[in-house]
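The values are calculated or read from the model by the stated rules, or taken from the named source; none is laboratory data. Since the structure is predicted, the reported quantities are computational estimates derived from the model, not experimental observations. Neighbour counts run over all protein chains shown; Cβ positions are idealised from the backbone, glycine included.
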2 protein chains.
Amino acid sequence: MNIIQGGVCAAKGFTANGIHCGIRKNKSKRDLSLIFSEKRAATAAVYTTNLVKGAPIAVTKKNISDGYAQAVICNSGNANTCNANGVEIATEMCNLLSEEINIPAEDIVVASTGVIGEVLDINPIKNGIPELVKGLGDNSAFAAEGIMTTDTVKKEIAVSFEIDGKECRIGGIAKGSGMIHPNMATMLVFITTDCAVSPEMLQKALSTDIQDTFNMTSVDGDTSTNDMVTILANGMAGNTEITAGSEDFKTFMKALNTVTVYLCRNIAADGEGATKLVECKVQGAKTKQQAKLAAKSVICSSLVKAAMFGSDANWGRVLCALGYGVKDLNPDTVSVSFRSAKGEIPVCVQGAGVPFSEDKAKEILLENEVEILVNLGVGDCDACAWGCDLTYDYVRINGDYRT
Amino acid sequence: MNIIQGGVCAAKGFTANGIHCGIRKNKSKRDLSLIFSEKRAATAAVYTTNLVKGAPIAVTKKNISDGYAQAVICNSGNANTCNANGVEIATEMCNLLSEEINIPAEDIVVASTGVIGEVLDINPIKNGIPELVKGLGDNSAFAAEGIMTTDTVKKEIAVSFEIDGKECRIGGIAKGSGMIHPNMATMLVFITTDCAVSPEMLQKALSTDIQDTFNMTSVDGDTSTNDMVTILANGMAGNTEITAGSEDFKTFMKALNTVTVYLCRNIAADGEGATKLVECKVQGAKTKQQAKLAAKSVICSSLVKAAMFGSDANWGRVLCALGYGVKDLNPDTVSVSFRSAKGEIPVCVQGAGVPFSEDKAKEILLENEVEILVNLGVGDCDACAWGCDLTYDYVRINGDYRT
């Protein structure tokens, strides 16, 4: 498997674009994105479990209920959520695109991200769609920019791999930043592939993968109303369609996982206000579930996050987070180390502190990618969770988001 | 019922003191507190549910297993948690006090608060105990100061009430600030009363009360390892001992609730870095449990907390928090208003936004006590939760707590 260029346009038959249409006031920010497949594509999606759901989710669910779609349209700057006319507006977005690009409105995935509870004006979208469609091309980067809100960098990746003697590609773009604490589904992520996969197996691949990737990512503990991960597979790589849990399916899953882990790490690293990526790697758990609960509890702790911001080896807070997050924890078998490119330092062994060099620990934690290594000492299951530090800028950004 | 002066010394027979013994480096900060009852007192306690527990909790549990105690000793600056010799040190604290004050070590409640995982040196405590005991008197304020960590104000209150023709008193002190997200028990709170209550009924009163008070308070979502609420009842008011769920018990519960709600509000308002107290009052819920989940989810949301810091009427975040926090929510029946001393403003009715004056909303939210009023519109149960805003200072304090 190779990392390649091209994002969501890397897979055969996919083009994309992103423009500024006027939803966001800042004219230098793109706010409307489109991904298009030459051929109708098998499509799978997972959505937020928040009971307050964005209107676009209802429309997308209906549109892809037959397992196929051909385009994705997404605006930023307004979530089209908690509005009386939300479904109407999301449907209108599909209808307008359908007319311009000449595909059925029912083959369109629609998504929105931004402020909740303000009516989404259809006019800038209506006026922008012709330019959006006209500019379709190898523009994954524009599409990645058009879905950003408080993100500071665009997130895109693509990989190539071989199945059935054919070269296949998977590419993805994502938006993250704030309100990131996916539960069963997550954020806005659009993935494209030219690998031929049946809708059922595509859904299975996605639903399985997110359990260990997006669902293990948290910026602030808030599960968004508009989270959505969608994957379109148009089959243009020419491989025999994957329709069962074969070796080919495993190869596909592995490629998909490379894409999703990359996007998770980037979403976490670019969490609102974040100065560093924090990974919690848990080993020695009794069960996979225990390992996941442990990793996520550490990553979600405000106190651990603030300590990481201060590059403070305050491992007591890691123990504390394990103690309230893991029901059947035995504190006496827990060991903790911190690690980064600057080295690794054990700070707690079998539930008690060990002497360590504060200077060395500080040096390790000052890096912009740090790992919290936890060994629960009771089994052989592991898990990883991705998060970021809690900073002044998180507070600044969210104290004044609407204005 | 009347609010009175005196804190934990308001009830007959109780004296207290707090000194600087040298655990904390800053000599102007008291770090060792003592509460003493002339008579052995019925004693009840509730503890943290964190599985990583401070050593003092184990010692206290053992000491009050017979339902009685006569003194409370507590240090700040070090939590005596995750140390190999923790139980030994906590036991030694009881033994040293026992010798000095001439009561059995088994009648002493011991507690510690501060950094986790650093060995607690017994020497400053040993050297300080004679002065601590000598200064016993009407010094509730000193005791309240001696248990503070990052708290900026001491928390104490007392009330008087009548039972069985006798005037009774309940007083309490608390420390709060950070790592405040009690779950079945909470923080450090010491309550004294001269009302005669049997150990069983005292425990029942406390265990019932905390469900709607301390357990509905959150500063940062982190459940501490050392949380403890203790109440000592020495019976010196002279009333007939309360031994069952009588009218007298109800009167006692009401007085206790006045003390605990006051302490909860003050702990929330003095949350680490907080600029304001945020109360979420939920009405119209189907069940009490639904009301509590709703109130707590709103209070715990980092995004709602940051919006409150910015005095931003971003009610979409309130809906979002309800949507992931309440399993059986119907978003279409939810209404939200903001309220403070400056007035009340509805922002969402039946799940959709309503036009409102941003200027008026800002004026309301700029107050230092604000209420988020939620009506779920599906029943007649209600609940209240207490929290605070998320500020630059929370990050500053916790990015650099150990140094």
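So in the range A:261-312, with the set limited to residues that are in contact with a Leu (Cβ under 6 Å, 6 or more places away or on another chain) and among the aliphatic types (A, V, I, L, M), which one is nearest to the other protein chains (Cβ to nearest Cβ)?
A:Ala306
Out of the residues in the range B:379-403 meeting the condition of being in contact with a strand residue (DSSP E or B) (Cβ under 6 Å, 6 or more places away or on another chain) and either away from chain A (no Cβ under 14 Å) or modelled with pLDDT of 95 or more (or both), tell me which one is surrounded by the fewest Cβ atoms within 10 Å (Cβ to Cβ).
The selected residue is B:Gly379.
Based on this model, can you work out whether B:Gly316 counts as closer than 20 Å to B:Ser218 by Cα and either β-branched (Val, Ile, Thr) or within 11 Å of chain A (Cβ to nearest Cβ) (or both)?
no
Consider A:Val347 carefully, then state whether it is surrounded by fewer than 21 Cβ atoms within 10 Å (Cβ to Cβ) and within 14 Å of chain B (Cβ to nearest Cβ).
no
Quick one: in the range A:61-99, of everything that is within 14 Å of chain B (Cβ to nearest Cβ) and not polar (S, T, N, Q), which residue is farthest from A:Ile231 (Cα to Cα)?
It comes out as A:Ala84.
Starting from residues that are in contact with a strand residue (DSSP E or B) (Cβ under 6 Å, 6 or more places away or on another chain) and either within 14 Å of chain A (Cβ to nearest Cβ) or closer than 30 Å to A:Ala321 by Cβ (or both), keep the ones in the range B:222-256 and report whichever is surrounded by the fewest Cβ atoms within 10 Å (Cβ to Cβ).
B:Thr230
Return a yes/no flag: does the range B:92-108 have any residue that is in the same structural domain as B:Cys9 (by TED's automatic domain parsing) and in a strand (DSSP E or B).
yes
May I ask you to list the residues in the range B:259-281 that are modelled with pLDDT of 90 or more and not hydrophobic (A, V, I, L, M, F, W, C)?
B:Thr275, B:Lys276, B:Glu279, B:Lys281
Filter the range A:302-339 down to the residues that are touching a helix residue (DSSP H, G or I) at 6+ places or on another chain (Cβ under 9 Å) and surrounded by fewer than 19 Cβ atoms within 10 Å (Cβ to Cβ) and list them by number.
Of everything in the range A:302-339, those that are touching a helix residue (DSSP H, G or I) at 6+ places or on another chain (Cβ under 9 Å) and surrounded by fewer than 19 Cβ atoms within 10 Å (Cβ to Cβ) turn out to be A:Lys327, A:Asp328.
Considering each of B:Glu367, B:Glu363 in turn, give the residue that is within 23 Å of B:Ala274 (Cα to Cα), surrounded by fewer than 21 Cβ atoms within 10 Å (Cβ to Cβ) and over 25 Å from the mean Cα position of the chain (by Cα).
Step by step, each of B:Glu367, B:Glu363 is checked, and only B:Glu363 is within 23 Å of B:Ala274 (Cα to Cα), surrounded by fewer than 21 Cβ atoms within 10 Å (Cβ to Cβ) and over 25 Å from the mean Cα position of the chain (by Cα).
For the list (1) within 14 Å of chain B (Cβ to nearest Cβ); (2) in a loop (DSSP other than H, G, I, E, B); (3) within 23 Å of A:Ile231 (Cβ to Cβ); (4) not basic (Lys, Arg), I need the number of the one condition that A:Ala58 fails.
Of the numbered conditions (1) within 14 Å of chain B (Cβ to nearest Cβ); (2) in a loop (DSSP other than H, G, I, E, B); (3) within 23 Å of A:Ile231 (Cβ to Cβ); (4) not basic (Lys, Arg), the odd one out for A:Ala58 is (2).
Quick one: in the range A:111-141, which of the residues that are acidic (Asp, Glu) and not in a helix (DSSP H, G or I) is modelled with the lowest pLDDT?
Step by step, filter the range A:111-141, then rank; the result is A:Glu118.
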